[in-house]
Each structure stands twice: as structure tokens, then as C-alpha cells.
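Worksheet for the structure shown next.
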């Protein structure tokens, strides 16, 4: 029964793929390179600079924590032979606590919900909305059915340069660039 169900689902998938490819022949597809677009937008360098400055201080703090941990380990190794088992255990725990403190700090600053990524999201969202608006305008005016971002998760092995809409998106945003043929 399970084998028949899987065979049926597989057949349905092949049928849908065939129907889909028939319709795809009439569709207009383009792509953009959002990394390229961002690099040409004047506001982006300011945003990147703000984020770099913010993270620079945190990296200094992490470096200090690393130095403290290294010092604690060095002190422990130098005096380990002199410690009682209880003191040895306590010193090892102190080192582990310091390592955990550093890891918690890193997670709070650079983790998936950390301050860095929250600030990045906050600063980049208006710029991303501006790009999306320009892409939507071009898609509607020129009749595109799909526009992919080759900088994101949809990496193409081959793309024809004439379908790259990145420069048009920049122009729609009011940014003049030399035609690069990206």
C-alpha cells in the first residue's frame, strides 16, 4: 500500500512538472544581484560602517575575555600541582564559567537574535524595501513573471547577462551607474 502511494505521488509530481514546463515557456524571468545593488547604494556604506563600529567594541571585549581565560588556564597549569583536589576542581569550574560567560556574550551580541543582527535588520529594512519596490515596478512595467536574486539562496550556475536587472533596479531607485553587464 505504501509503495503504491509513493508511486502515485511520484507520478503526480512528474505530471505536474510536465504541465509546469509547458506553461514556463511563455513566462518572462529575470534576476538581480542584491549584493551588487547594495554595493552601489550610497546609504549602504554608511550602514555598514555603523555596524562595523558597533561590533568593533564587542570584539575588543571578546579579546579581553579570551586573554583572561588564557591567563586563568596558564595560572592553573603552573600551580595545578600545588592545589588540593577541591581547589583544583574549583579553578577548573572558574575557567569553565568564564568560557560560558564569553559564549553568552557572543550569543547576545552576534547570535541569531543578537544585538548585531537586530540592528542590521533595523538599518537595512528601509533599503531592502526600496529595492523591492524598484523590482516590483520593473516587473510590472516590463511584464516579468519571476525575478530571482542570485545573491541569495537561489544561486544560478549559468545566467544570461541580458536578463540581469540589477542596473535597472538601481536606476529605478534614482542611482546612476555605468552599465557593467553583470
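The values are calculated or read from the model by the stated rules, or taken from the named source; none is laboratory data. Just so it is clear, the model here is predicted, and its values are computed rather than measured. Neighbour counts run over all protein chains shown; Cβ positions are idealised from the backbone, glycine included.
What residue, among those in the stretch 6-37 that are surrounded by 15 or more Cβ atoms within 10 Å (Cβ to Cβ) and either modelled with pLDDT under 85 or within 19 Å of the chain's Cα centre (by Cα) (or both), is nearest to residue 115 (Cα to Cα)?
By that ranking, first place goes to 34.
Working carefully through the options 116, 144, find the one that is at pLDDT below 90 and either closer than 30 Å to residue 62 by Cβ or in contact with a strand residue (DSSP E or B) (Cβ under 6 Å, 6 or more places away or on another chain) (or both).
Exactly one of 116, 144 is at pLDDT below 90 and either closer than 30 Å to residue 62 by Cβ or in contact with a strand residue (DSSP E or B) (Cβ under 6 Å, 6 or more places away or on another chain) (or both), namely 144.
Test residue 109 against the criterion of being closer than 30 Å to residue 68 by Cα and either under 22 Å from the mean Cα position of the chain (by Cα) or modelled with pLDDT under 85 (or both), and give yes or no.
Spelling it out, residue 109 is indeed closer than 30 Å to residue 68 by Cα and either under 22 Å from the mean Cα position of the chain (by Cα) or modelled with pLDDT under 85 (or both).
Kindly provide the set of residues from the stretch 38-53 that are surrounded by 15 or more Cβ atoms within 10 Å (Cβ to Cβ) and either touching a residue at least 12 places away in the same chain (Cβ under 8 Å) or not in a helix (DSSP H, G or I) (or both), ordered by number.
38, 40, 41, 44, 47, 51
Within the stretch 129-146, track down each residue that is within 22 Å of the chain's Cα centre (by Cα) and either surrounded by 14 or more Cβ atoms within 10 Å (Cβ to Cβ) or at positive phi (or both).
Residues satisfying the conditions are 130, 131, 134, 135.
Examine the stretch 119-130 for a residue that is assigned to a loop (DSSP other than H, G, I, E, B) and free of Cβ contacts under 8 Å to residues at least 12 places away in the same chain, and state whether such a residue exists.
no
Let me confirm something: among 81, 69, which residue is surrounded by fewer than 10 Cβ atoms within 10 Å (Cβ to Cβ) and part of a helix (DSSP H, G or I)? Talk me through it step by step, then tell me what you get.
Details: 69 fails: surrounded by fewer than 10 Cβ atoms within 10 Å (Cβ to Cβ).
Only one candidate qualifies: 81.
Would you please name the residue that is modelled with the lowest pLDDT, looking only at residues in the stretch 147-182 that are in a helix (DSSP H, G or I) and surrounded by fewer than 10 Cβ atoms within 10 Å (Cβ to Cβ)?
161
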